[in-house]
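As C-alpha coordinates, the structure follows; a few thoughts come after it.
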Amino acid sequence: MKNFVIHKSETRGKANFGWLESYHTFSFGNYYNPERIHFGALRVINDDTVAAGMGFGKHPHDNMEIISIPLEGDLEHKDTLGNIAVIKQGDIQVMSAGTGIQHSEYNRNKDRLTKFLQIWIFPNKKNVAPRYDQKSLDVNSMINRFHQILSPDPNDEGVWIHQNAWFHMGKFDHGTTSEYKIKHKGNGVYAFIIKGKATISGHSLSTRDGLGIWDIDTLSVTSDASGTEILLMEVPMTA
(Lines give C-alpha, C1' and ligand atoms only; values in the text may rest on other atoms or scores of the structure.)
Protein backbone atom coordinates (compact mmCIF):
# COMPACT_ATOMS: atom_id res chain seq x y z
CA MET A 1 0.00 0.00 0.00
CA LYS A 2 1.27 3.47 -0.93
CA ASN A 3 2.63 5.40 2.06
CA PHE A 4 3.96 8.54 0.39
CA VAL A 5 3.00 11.56 -1.71
CA ILE A 6 5.32 13.67 -3.87
CA HIS A 7 4.67 17.33 -4.69
CA LYS A 8 6.99 18.56 -7.43
CA SER A 9 7.81 22.26 -7.27
CA GLU A 10 6.17 23.06 -10.60
CA THR A 11 2.83 21.58 -9.48
CA ARG A 12 2.39 24.04 -6.60
CA GLY A 13 -0.23 26.76 -6.67
CA LYS A 14 1.00 30.27 -7.46
CA ALA A 15 -0.13 33.79 -6.61
CA ASN A 16 1.51 36.99 -7.84
CA PHE A 17 0.36 40.31 -6.41
CA GLY A 18 3.27 42.35 -7.71
CA TRP A 19 4.73 42.98 -4.27
CA LEU A 20 4.33 39.30 -3.31
CA GLU A 21 5.04 36.13 -5.25
CA SER A 22 3.89 33.03 -3.40
CA TYR A 23 3.99 29.32 -4.18
CA HIS A 24 1.55 27.11 -2.26
CA THR A 25 2.28 23.45 -1.57
CA PHE A 26 -1.25 23.08 -0.14
CA SER A 27 -4.55 24.78 -0.95
CA PHE A 28 -4.40 28.43 0.07
CA GLY A 29 -6.15 31.64 -0.97
CA ASN A 30 -7.40 31.32 -4.55
CA TYR A 31 -5.51 28.05 -5.06
CA TYR A 32 -7.64 25.02 -4.29
CA ASN A 33 -6.76 21.40 -4.94
CA PRO A 34 -8.97 18.86 -3.12
CA GLU A 35 -6.09 16.36 -3.10
CA ARG A 36 -3.73 18.88 -1.49
CA ILE A 37 -5.48 20.31 1.56
CA HIS A 38 -2.98 19.24 4.23
CA PHE A 39 -0.52 16.55 5.27
CA GLY A 40 -1.73 15.42 8.66
CA ALA A 41 -1.38 18.40 11.02
CA LEU A 42 0.66 20.30 8.40
CA ARG A 43 -1.76 22.74 6.78
CA VAL A 44 0.32 25.33 4.88
CA ILE A 45 3.73 25.63 3.26
CA ASN A 46 3.95 28.96 1.46
CA ASP A 47 7.18 29.85 -0.33
CA ASP A 48 7.02 33.67 -0.33
CA THR A 49 9.09 36.39 -2.01
CA VAL A 50 8.36 39.91 -0.77
CA ALA A 51 9.40 43.00 -2.75
CA ALA A 52 11.66 45.64 -1.22
CA GLY A 53 9.84 47.85 1.28
CA MET A 54 6.60 45.87 0.97
CA GLY A 55 4.81 43.34 3.15
CA PHE A 56 1.72 41.96 4.84
CA GLY A 57 -0.38 44.60 6.64
CA LYS A 58 -1.97 43.88 9.99
CA HIS A 59 -4.26 40.83 9.75
CA PRO A 60 -5.75 38.30 12.20
CA HIS A 61 -5.19 34.61 12.95
CA ASP A 62 -6.61 32.22 15.53
CA ASN A 63 -6.10 28.59 16.58
CA MET A 64 -3.09 27.93 14.38
CA GLU A 65 0.63 27.45 15.00
CA ILE A 66 2.44 29.71 12.51
CA ILE A 67 6.13 29.31 11.75
CA SER A 68 8.28 31.57 9.57
CA ILE A 69 11.76 30.66 8.33
CA PRO A 70 13.60 33.42 6.40
CA LEU A 71 15.72 32.12 3.53
CA GLU A 72 17.02 35.46 2.26
CA GLY A 73 16.77 39.00 3.62
CA ASP A 74 14.71 39.80 6.69
CA LEU A 75 11.22 40.70 7.93
CA GLU A 76 10.05 43.24 10.49
CA HIS A 77 7.32 41.81 12.71
CA LYS A 78 4.73 43.71 14.77
CA ASP A 79 1.74 42.26 16.63
CA THR A 80 -1.08 43.11 19.01
CA LEU A 81 0.86 41.56 21.91
CA GLY A 82 3.26 44.48 21.63
CA ASN A 83 6.11 42.56 20.00
CA ILE A 84 8.34 44.40 17.53
CA ALA A 85 11.14 42.26 16.11
CA VAL A 86 13.22 41.56 13.03
CA ILE A 87 13.72 38.01 11.79
CA LYS A 88 16.51 37.32 9.33
CA GLN A 89 18.12 34.44 7.50
CA GLY A 90 19.26 31.98 10.17
CA ASP A 91 16.29 32.70 12.45
CA ILE A 92 13.00 30.92 13.10
CA GLN A 93 9.82 32.65 14.26
CA VAL A 94 6.74 31.08 15.84
CA MET A 95 3.30 32.39 16.79
CA SER A 96 0.63 30.46 18.64
CA ALA A 97 -2.44 32.34 17.42
CA GLY A 98 -4.74 30.71 20.00
CA THR A 99 -7.69 32.91 20.96
CA GLY A 100 -6.61 35.49 18.39
CA ILE A 101 -3.71 37.69 17.36
CA GLN A 102 -3.11 40.33 14.70
CA HIS A 103 0.28 40.90 13.14
CA SER A 104 2.14 42.48 10.23
CA GLU A 105 5.31 41.38 8.43
CA TYR A 106 7.30 43.76 6.22
CA ASN A 107 10.46 43.60 4.19
CA ARG A 108 12.18 46.57 5.80
CA ASN A 109 14.92 46.67 3.15
CA LYS A 110 14.45 49.17 0.32
CA ASP A 111 16.95 47.54 -2.03
CA ARG A 112 16.45 43.77 -1.93
CA LEU A 113 13.90 40.98 -1.81
CA THR A 114 13.03 38.91 1.23
CA LYS A 115 12.30 35.20 0.79
CA PHE A 116 10.81 33.04 3.52
CA LEU A 117 8.77 29.93 4.24
CA GLN A 118 5.48 30.41 6.05
CA ILE A 119 4.23 27.18 7.62
CA TRP A 120 0.96 26.53 9.46
CA ILE A 121 0.38 23.61 11.82
CA PHE A 122 -2.97 22.65 13.33
CA PRO A 123 -2.58 22.86 17.15
CA ASN A 124 -3.47 20.07 19.59
CA LYS A 125 -4.99 22.64 21.97
CA LYS A 126 -7.54 25.28 21.03
CA ASN A 127 -8.03 28.77 22.43
CA VAL A 128 -4.65 28.97 24.16
CA ALA A 129 -3.19 32.35 25.12
CA PRO A 130 -1.52 33.87 22.04
CA ARG A 131 2.28 34.02 22.15
CA TYR A 132 5.28 34.99 20.04
CA ASP A 133 8.86 33.74 20.01
CA GLN A 134 11.90 33.68 17.77
CA LYS A 135 15.37 32.19 17.93
CA SER A 136 18.63 32.40 16.00
CA LEU A 137 19.60 28.96 14.76
CA ASP A 138 23.03 27.39 15.11
CA VAL A 139 23.80 27.00 11.42
CA ASN A 140 27.08 25.18 12.13
CA SER A 141 25.08 22.40 13.79
CA MET A 142 23.24 21.82 10.49
CA ILE A 143 26.31 20.85 8.46
CA ASN A 144 25.88 17.26 7.22
CA ARG A 145 23.30 16.47 9.89
CA PHE A 146 19.70 17.27 10.78
CA HIS A 147 19.54 19.82 13.58
CA GLN A 148 16.33 20.26 15.61
CA ILE A 149 14.73 23.69 15.28
CA LEU A 150 11.21 23.04 16.66
CA SER A 151 9.53 20.63 19.08
CA PRO A 152 6.56 20.33 21.50
CA ASP A 153 8.84 20.97 24.50
CA PRO A 154 9.56 24.55 25.68
CA ASN A 155 12.75 23.27 27.32
CA ASP A 156 14.03 21.50 24.22
CA GLU A 157 16.19 22.83 21.41
CA GLY A 158 14.63 25.40 19.07
CA VAL A 159 11.20 26.98 19.34
CA TRP A 160 8.11 25.07 20.49
CA ILE A 161 4.48 24.74 19.43
CA HIS A 162 1.24 23.23 20.73
CA GLN A 163 1.56 20.02 18.71
CA ASN A 164 3.54 16.76 18.76
CA ALA A 165 5.69 18.00 15.89
CA TRP A 166 9.42 18.26 15.32
CA PHE A 167 11.27 20.27 12.65
CA HIS A 168 14.87 19.61 11.64
CA MET A 169 17.08 21.37 9.09
CA GLY A 170 20.35 20.30 7.50
CA LYS A 171 22.83 21.45 4.86
CA PHE A 172 24.66 18.60 3.18
CA ASP A 173 27.71 17.93 1.02
CA HIS A 174 27.27 15.85 -2.12
CA GLY A 175 27.01 12.15 -1.29
CA THR A 176 26.28 12.59 2.43
CA THR A 177 23.71 10.17 3.85
CA SER A 178 21.77 10.85 7.04
CA GLU A 179 19.13 8.86 8.89
CA TYR A 180 16.14 10.47 10.59
CA LYS A 181 14.29 8.52 13.29
CA ILE A 182 10.59 9.21 13.93
CA LYS A 183 10.14 10.83 17.35
CA HIS A 184 6.48 9.94 17.99
CA LYS A 185 4.85 6.69 16.86
CA GLY A 186 2.24 7.26 14.17
CA ASN A 187 3.73 10.54 12.96
CA GLY A 188 4.64 11.14 9.34
CA VAL A 189 7.38 13.33 7.86
CA TYR A 190 7.13 15.97 5.18
CA ALA A 191 10.52 16.72 3.58
CA PHE A 192 10.93 20.01 1.72
CA ILE A 193 14.02 20.56 -0.42
CA ILE A 194 14.97 24.20 0.13
CA LYS A 195 17.88 23.95 -2.27
CA GLY A 196 19.76 21.25 -4.19
CA LYS A 197 18.95 17.61 -4.84
CA ALA A 198 18.39 14.58 -2.62
CA THR A 199 17.21 10.99 -2.63
CA ILE A 200 14.85 10.35 0.27
CA SER A 201 13.72 6.77 0.90
CA GLY A 202 14.39 6.00 -2.75
CA HIS A 203 12.62 9.09 -4.16
CA SER A 204 14.61 11.63 -6.20
CA LEU A 205 13.81 15.26 -5.31
CA SER A 206 15.04 18.68 -6.41
CA THR A 207 14.81 22.30 -5.24
CA ARG A 208 11.38 23.15 -3.75
CA ASP A 209 10.04 19.60 -4.20
CA GLY A 210 8.19 18.03 -1.28
CA LEU A 211 7.78 14.44 -0.10
CA GLY A 212 5.28 13.33 2.53
CA ILE A 213 5.76 9.84 3.95
CA TRP A 214 4.11 7.88 6.75
CA ASP A 215 4.01 4.41 8.36
CA ILE A 216 7.79 4.44 8.77
CA ASP A 217 10.24 4.33 11.68
CA THR A 218 13.25 5.89 9.93
CA LEU A 219 13.93 8.06 6.91
CA SER A 220 17.09 7.74 4.80
CA VAL A 221 18.30 10.96 3.15
CA THR A 222 21.19 11.18 0.66
CA SER A 223 22.36 14.51 -0.76
CA ASP A 224 22.83 14.41 -4.53
CA ALA A 225 24.37 17.90 -4.84
CA SER A 226 26.75 20.04 -2.83
CA GLY A 227 25.04 22.56 -0.55
CA THR A 228 21.69 20.74 -0.48
CA GLU A 229 19.42 22.21 2.20
CA ILE A 230 16.46 20.22 3.56
CA LEU A 231 13.67 20.92 6.03
CA LEU A 232 12.07 17.88 7.69
CA MET A 233 8.68 18.40 9.35
CA GLU A 234 7.47 15.50 11.50
CA VAL A 235 3.76 15.85 12.30
CA PRO A 236 0.82 13.76 13.52
CA MET A 237 -1.10 12.26 10.61
CA THR A 238 -4.45 13.37 12.03
CA ALA A 239 -5.26 17.05 11.61
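The values are calculated or read from the model by the stated rules, or taken from the named source; none is laboratory data. Model, not experiment: these values are computed from the prediction. All accessible areas refer to the heavy atoms of the entire protein, side chains included, with ligands and DNA or RNA removed. Shrake-Rupley method; radii C 1.70, N 1.55, O 1.52, S 1.80 Å.
The spacing between the stretch 153-168 and the stretch 114-151, judged by their C-alpha centroids, is 7 Å.
Expressed as a whole percent, the accessible surface of the stretch 185-234 that belongs to carbon and sulfur atoms is 46, based on a 1.4 Å probe. Size descriptors for the stretch 107-193: radius of gyration and Dmax over Cα atoms are 15.4, 47 Å.
A 1.4 Å probe run over the stretch 75-199, with the rest of the protein chains in place, finds 47 Å² accessible per residue. Rg over Rh for the chain works out to 0.94, using Cα positions for both radii and the Kirkwood form for Rh. Given axes a ≥ b ≥ c from the Cα gyration tensor, I'd like to know whether the stretch 51-119 is rounded (a/c under 1.5), prolate (a/b larger than b/c) or oblate. Since a/c reaches 1.5 and a/b is larger than b/c, the shape of the stretch 51-119 is classed as prolate.
Only protein atoms count toward the accessible area here, which uses a 1.4 Å probe; on the stretch 14-158, the carbon and sulfur part of that area reaches 46 percent. Comparing Thr25, Thr49, Thr177 in a Gaussian network model of the chain (Cα springs below 10 Å), the most mobile by mean-square fluctuation is Thr177.
Note on the chain: GNM, Cα springs under 10 Å; of Ile87, Ile66, Ile143, the largest mean-square fluctuation is that of Ile143.
In the elastic network of the chain, a GNM with C-alpha springs shorter than 10 Å, the most mobile of Val44, Val128, Val189 is Val128.
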